[in-house]
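Take a look at the structure set out below.
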Amino acid sequence: MPWGELFIEQLKVGIPIKEFISDPDTGMSVQKIKYEAGFTNTWHRHNCAHGMYVLDGILQTHAGSFGPGSFVWFPEGIEMEHGATQDNDVTVLFITNKPFDIIYTFEENDDPSGTV
């Protein structure tokens, strides 16, 4: 399966991605994602819960660093950041429980109504 790209408009960056499944009824999805060395998905939150299973590299998060074989779960709505180390890419299986969305903290701070 070839790599595609998930373009994040807010950060003006493309994330390599392989979309394995997306359930049209629930929005649950499973994808393979690669964060390239030095990339951090800055402070954000999701209205979906999601898990990341580290395949290779080190996943750096606001809660610590996790190596291959680690599974990290992020509950719905919490503020988080995660990405690769400065020296190495990290590849993860990315699993959501319902449709994916992303709201960056800097977007909420720019909108006085608190909505995005």
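The values are calculated or read from the model by the stated rules, or taken from the named source; none is laboratory data. Just so you know, these numbers come straight off a predicted model, no measurement behind them. Every residue, glycine as well, gets a Cβ built from its backbone with ideal geometry; the counts of neighbours run over all protein chains shown.
Observations on the model:
- Qualifying residue in segment 51-62 (condition: surrounded by 16 or more Cβ atoms within 10 Å (Cβ to Cβ), in contact with a strand residue (DSSP E or B) (Cβ under 9 Å, 6 or more places away or on another chain) and not in a strand (DSSP E or B)): yes
- The requirement of being touching a residue at least 24 places away in the same chain (Cβ under 8 Å), part of a strand (DSSP E or B) and touching an Asp or Glu at 6+ places or on another chain (Cβ under 7 Å) is fulfilled nowhere in segment 73-89; no residue meets it.
- Residue check, Glu9 modelled with pLDDT under 95 and either closer than 22 Å to Tyr104 by Cα or surrounded by fewer than 18 Cβ atoms within 10 Å (Cβ to Cβ) (or both): yes
- In this structure, Gly38 does satisfy being of a type outside the set (A, V, I, L, M), out of contact with any helix residue (DSSP H, G or I) (no Cβ under 8 Å at 6 or more places or on another chain) and not in a strand (DSSP E or B).
- Members of segment 102-111 found to be surrounded by 15 or more Cβ atoms within 10 Å (Cβ to Cβ) and either charged (D, E, K, R) or part of a loop (DSSP other than H, G, I, E, B) (or both), listed by number: Ile102, Glu108
- Scan segment 1-10 for residues that are outside any strand (DSSP E or B) and touching a residue at least 60 places away in the same chain (Cβ under 8 Å) and the total you get is 1.
- Sole residue being surrounded by 12 or more Cβ atoms within 10 Å (Cβ to Cβ), outside any strand (DSSP E or B) and within 14 Å of the chain's Cα centre (by Cα), chosen from Pro16, Pro99: Pro99
- Note on segment 19-35: among residues that are of a type outside the set (D, E, K, R) and part of a strand (DSSP E or B), the one that is surrounded by the fewest Cβ atoms within 10 Å (Cβ to Cβ) is Ile21.
- Some residue of segment 30-50 being in contact (Cβ under 8 Å) with a residue 60 or more places away in the chain and of a type in the set (Gly, Ala, Ser): no
- All conditions but one from (1) surrounded by fewer than 16 Cβ atoms within 10 Å (Cβ to Cβ); (2) touching a Cys at 6+ places or on another chain (Cβ under 9 Å); (3) not acidic (Asp, Glu) apply to Trp3; the one that does not is (2).
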